[in-house]
1. Report the net charge of residues surrounding Ala266, where surrounding means a beta-carbon distance below 11 angstrom and charges are Lys +1, Arg +1, Asp -1, Glu -1.
2. Determine, for Ile207, Ile337, Ile213, the number of other Cβ atoms within 10 Å of each Cβ, and report the residues in order from fewest to most.
3. Which of the pairs Lys209/Lys229; Lys220/Lys252; Lys179/Lys206; Lys192/Lys260; Lys111/Lys179; Lys179/Lys260 have their Cα atoms more than 23 Å apart in this structure?
4. Among the aspartates and glutamates, which have Cα under 16 Å from the Cα of Lys172 when same-chain residues fewer than 8 positions away are ignored?
5. In Å, what Kirkwood hydrodynamic radius results for the stretch 275-385 from the alpha-carbon pair distances?
6. With 10 angstrom as the radius, rank Ser386, Ser162, Ser211, Ser308 by how many other C-beta atoms surround their C-beta, starting from the fewest.
7. Asn127 label point, 7 Å along Cα→Cβ, cut-off 12 Å on backbone N: hits in the stretch 173-214?
8. Is there a quick way to get the dipole size of the stretch 116-339? I mean about its Cα centre, with the Cβ of Lys and Arg at +1 and of Asp and Glu at -1; what is the value in debye to the nearest 20?
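Derivation of every value follows stated rules applied to the coordinates shown; laboratory data play no part. All values reported here derive from a predicted model rather than from experimental measurement. Don't worry about glycine lacking a Cβ; one is built from the backbone with ideal geometry, like all the others, and counts go over all protein chains shown.
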Amino acid sequence: MPPKKEKNGCGCTSIPISLILVLLGFGYWGFTHLDKLDIRKFLPNDISQFLPNHQQPTPPTLTSAPTPPIPVANSPSPQVIPTETPTTNPQVSPSPVTPKQSPSLQTPWEKKRIRGIYLSRYQATNNANEKMIRERVRYYRAQGMNTIIHGVWGNGCTMYNSNVMQQTFGYKSCPNQFKEQWLDWLIDEAHKQGMQVHAYFEKGIKIDKNSPIFDEAIAKRWIVPGVDKTYAGIEHYVLDVEIPEVANLFKKISVEFVQKYPTIDAVQWDDYLGYHAELPGKVDRTAHLTNFVQQMRADIKKANPNVSFDLCHHNPYWGKRYFAADWSNWNVDRVFIQIYNDNNFKEELNYAENYEGVAISDQQLYRLKDLVNNPKINSVLVFPSSGKPEETAAAVKKANLMNN
């Protein structure tokens, strides 16, 4: 048989036309989408000239695959998180914090430097245990007070156990059933509450017939002749501080106190530190009283420089004119003007605006609004003439709430 003859050409004539058209279309599509197919690396470097409009391929943006959550033992089942992107960044709610009250948020009453209430010697001491003392302090704080002015001396005796009293009279204190630590508890709790305690030398240099030292004072001739009738219905006898023995007693008591209670914030004397002008003899005792107070204050400051020596007295004119109390020259640290007499209230207020503040009684709380709103009055002290300081404190709070 003759040898078989090889066919020339590629045999394209035998390929269907439809397949050829598909291949041509795919080829054209591939050249126009080289950037997406990433086959540029298999083509010559100058292939770009054959691309439509000489298009340069853009490198693809790679997106990392999401990392599957790592399971944690005892963790709650994962929640399905929505895929929508929030329009704003989510904010994490902070833990609740109790804000400190700034001065701008304080009421006019709270802006007063000293908001004080007087407690007489027997109003928080008799049979009072530690719990009772501390609760009473917190009570006054809740009524808006920041200072307790508590009697520690009065009618010739101390409201604490005093070595000076023991050595001088043979007994340690006033006839009162107090716990020895009552004042320590009161000061400690007050300071914890952000309050101050001022030691009130109640009745000052005056005593009455009920004083435990009355008979001895008469026998030793410590009494100024005559009866002091400054206040109607109350007869007082004035201890004469011109007598060295009397003056030394007060100075020793004062020094002992500020050393025994070194964290006390202040000591305060009132208008009973003075002689009434109507005492017999019309003797001018002004200079002697000034010397006495100056020396007593100096001794207190030497023993405890941090304590404030305060005075709550009549205005300087009345004090000097009717009580021999020229307190403008006593070098006291702070002065509060007493305005217990409503008849001269406006005139007395003019004095109070030039000093630390004013003292009023619980019968004058209707004046509280004007005092609180007066920027020249830095401090307000309230005296419970009713003998019920807790009720007075509550009435002060009520008046301030009504006035706000």
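1. Numbers: positive: Arg334; negative: Asp265, Asp310, Asp333, Glu356.
Combined, the nearby Lys, Arg, Asp and Glu give -3.
2. Ile213, Ile207, Ile337
3. Those over the limit are Lys179/Lys206; Lys111/Lys179.
4. Glu180, Glu216, Glu256
5. Mean inverse Cα-Cα distance, inverted, gives 15.2 Å.
6. Numbers: Ser386 12, Ser162 23, Ser211 20, Ser308 17.
Exposure proxy ranking, most exposed first: Ser386, Ser308, Ser211, Ser162.
7. 177-178
8. Details: 26 positive and 25 negative charges, 51 e Å.
Result for the stretch 116-339 is approximately 240 debye, rounded to the nearest 20.
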